[in-house]
Amino acid sequence: MRAIILTIGDELTGGHTIDTNSSYLAGRIGEQGIRVSRLETVGDDVKVIARQIEIALGDADLVFVTGGLGPTSDDITKEAVALATGRKMVIDPGLRAQLEARFKRYKSATPAVVDSLASIPENSEIIENRAGAAAGFSIEHGDARIFVMPGVPHEMEAVFVHGILPILRRLPRSEVTITRVLKTTGMSESTIAGKLEPVIDEIEAGLGYLPRPGGVELRLTARGSEDRVMRILSESTRIITAALGERVYSPEGEDIHFVVGRMLIDRGVTIAVAESCTGGLIGHLLTQVPGISAVFDRAIVAYSNSAKTDSLDVPAALIEEHGAVSPEVAEAMARGVRERAGTDIGLSTTGIAGPGGGTEEKPVGLVYFGLAGLEGSETGRMVFRGSREIVKLKAAVHGLDLVRCHLLGRGL
């Protein structure tokens, strides 16, 4: 089963907005064993959109379209779908009534706006939008089916998850294509390739490498019957995790803050964080995890030297002797935040994110980490390459990985 994704809008073709919808949809559709053969972006031109839809309907079993469903003059996707499928535009009375009730509460829409939002190609199946006013819809056309969604990312996701995904799960398929993502950290692409070389012939799934700032993603892909695909993916995952060990922190594509957050919750281990160069990023990532309030006490951003002294009890003389970016200060920060919070673990970061401020002895990208626990404290050192933003992200991921290793019984 093949799929094509079309994203609509001059803001995309003009480079003013980054298209995140295509990557989201491609990943979620691929999870259902449906092969995405093409991604296309089209500007706000009814005839061009209609032509691309016609081509897609001829080339794929499923066509996914996002964007252009609002009430403004540049929202022309519905008219393009009608043109491509030879249908008239009609006002759906049920949808219109829902919209009138919705807008009546807020007194924020004219009858013309309501009529525009309620207009869809005839004989369409409406898909509820739980996150906004512009409903999605689907049409069966020949042997293909088209799904049309809003372009606003959170609205698109709501329509897809609640309205389209259940349909995809019910589709009959004799052959599936499924991709599984294994996430690693602490090793380069070439290092991973070297470790996998002795077992590469045993990995039956297709293997792709995708370097990210926080580590390398390994993408395993298999095609065939569902039973065969799941067997191939499971065995390939087992071989890779055996070769790479604990450097694979998630065999299911989860981000490290979710993995670490759940480890902390499951073990009942409390944590507090003292951040300098990462500027609160570790705390932000941890608070993305549902239920983390049970174990996460606080994150203190102690950026200046005086803040390290005032908020974390780091002796001013220690900073003066060794410098703020030093293992001694990192250790004192971790101990200080742990003692103030009364938690099981204290984690700290202090470094030089750049682009300026580096020296030969302490280059840009140098970050020291401290981890204080029930049995004492340790420090670690890393030098990261990249922009200021990338250095901060790499440091945050590495800090979380240190917590993961600590919980697994490994030192820094």
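Brief remarks follow.
- A simple spin-label model places the labels of R105 and E128 1.3 nm from each other, with each point 7 Å out along Cα-to-Cβ.
- Ranked packing of 66-79, 379-392, 189-202, most packed first, by mean Cβ within 10 Å: 66-79, 379-392, 189-202
- The phi-based Karplus calculation (6.51 cos²θ - 1.76 cosθ + 1.60; θ = phi - 60°) puts the 3J(HN,Hα) values of region 42-56 at 10, x, 7, 9, 4, 5, 5, 4, 4, 5, 5, 5, 4, 5, 5 Hz, whole numbers, x for Gly and Pro.
- Between R173 and E140, the simple spin-label model (points 7 angstrom out along Cα→Cβ) gives 1.9 nm.
- Evaluated with a Cβ-only charge set (Lys, Arg +1; Asp, Glu -1), region 2-170 carries a dipole of roughly 500 debye about its Cα centre, given to the nearest 20.
- For G253, the residues whose amide H sits under 5 Å from its own are V181, K183, ignoring neighbours fewer than 5 places away on the same chain, with H placed 1.01 Å from N.
- Cα gyration tensor shape for region 2-170, rounded if a/c is under 1.5, else prolate or oblate: rounded
- Low-density loop cleavage sites - GluC sites (Glu not before Pro) in region 239-281, where at most 11 other Cβ are within 10 Å (DSSP): E252
- Zone residues, region 15-37, relative to L165, backbone N less than 17 Å from point 7 Å out along Cα-to-Cβ: 21-34
- Dipole moment magnitude, nearest 20 debye, region 176-250 about Cα centre, only Lys, Arg, Asp, Glu C-beta charged: 240
- Here the sum of -39500 (n - 2.57) over DSSP H runs of 4 or more residues, divided by the residues of the chain, equals -12000 deg cm²/dmol at 222 nm, to the nearest 500.
- Fraction of antiparallel bridges per DSSP, the chain only, in percent to nearest 5: 60
- Spatially, region 378-411 and region 216-231 are offset by 31 Å when compared through their Cα centroids.
- Dipole of region 75-170, positive direction: furthest Cα of I139, V159, A80, with charges on the beta-carbon: V159
- Three-way shape call for region 256-407 based on the alpha-carbon gyration tensor, with the a/c threshold at 1.5: oblate
- Amide H contacts of R212 (H built 1.01 Å from N, under 5 Å, at least 5 apart or other chain): E217
- Calculated FRET efficiency for the pair A316/R385, C-beta based, R₀ 22 Å, to 0.05: 0.10
- Percent antiparallel among DSSP beta bridges (both partners in region 266-412, rounded to 5): 60
- Cα gyration tensor shape for region 176-250, rounded if a/c is under 1.5, else prolate or oblate: prolate
- 3J(HN,Hα) along region 117-127: 5, 8, 7, 9, x, 4, 6, 8, 9, 6, 10 Hz, from the Karplus curve 6.51 cos²θ - 1.76 cosθ + 1.60 with θ = phi - 60°, whole Hz, x for Gly and Pro.
- Cα-centred dipole magnitude for the chain, charges only on beta-carbon of K, R (+1) and D, E (-1), debye, nearest 20: 540
- Farthest toward positive dipole pole in region 62-193 [+1 Lys/Arg, -1 Asp/Glu at C-beta], among Q98, V148, P172: Q98
- Placing a pseudo-label 7 Å from each Cα along the Cα-to-Cβ vector at R51 and A294 gives an inter-label distance of 5.8 nm.
- Sparse packing (at most 11 other Cβ atoms within 10 Å of the Cβ) combined with a DSSP loop state is found for none of the trypsin sites (Lys or Arg not before Pro) in region 248-320.
- Proximity of backbone amide H atoms, modeled 1.01 Å from N, is registered between I76 and no other residue at under 5 Å, excluding neighbours fewer than 5 places apart on the same chain.
Bear in mind these aren't lab numbers, they're just calculated from the coordinates by the rules spelled out. Bear in mind that the values here come from a model prediction, so they are computed numbers and not experimental data. Note that we place each Cβ from the backbone using ideal geometry, even for glycine, and neighbour counts take in every protein chain shown.
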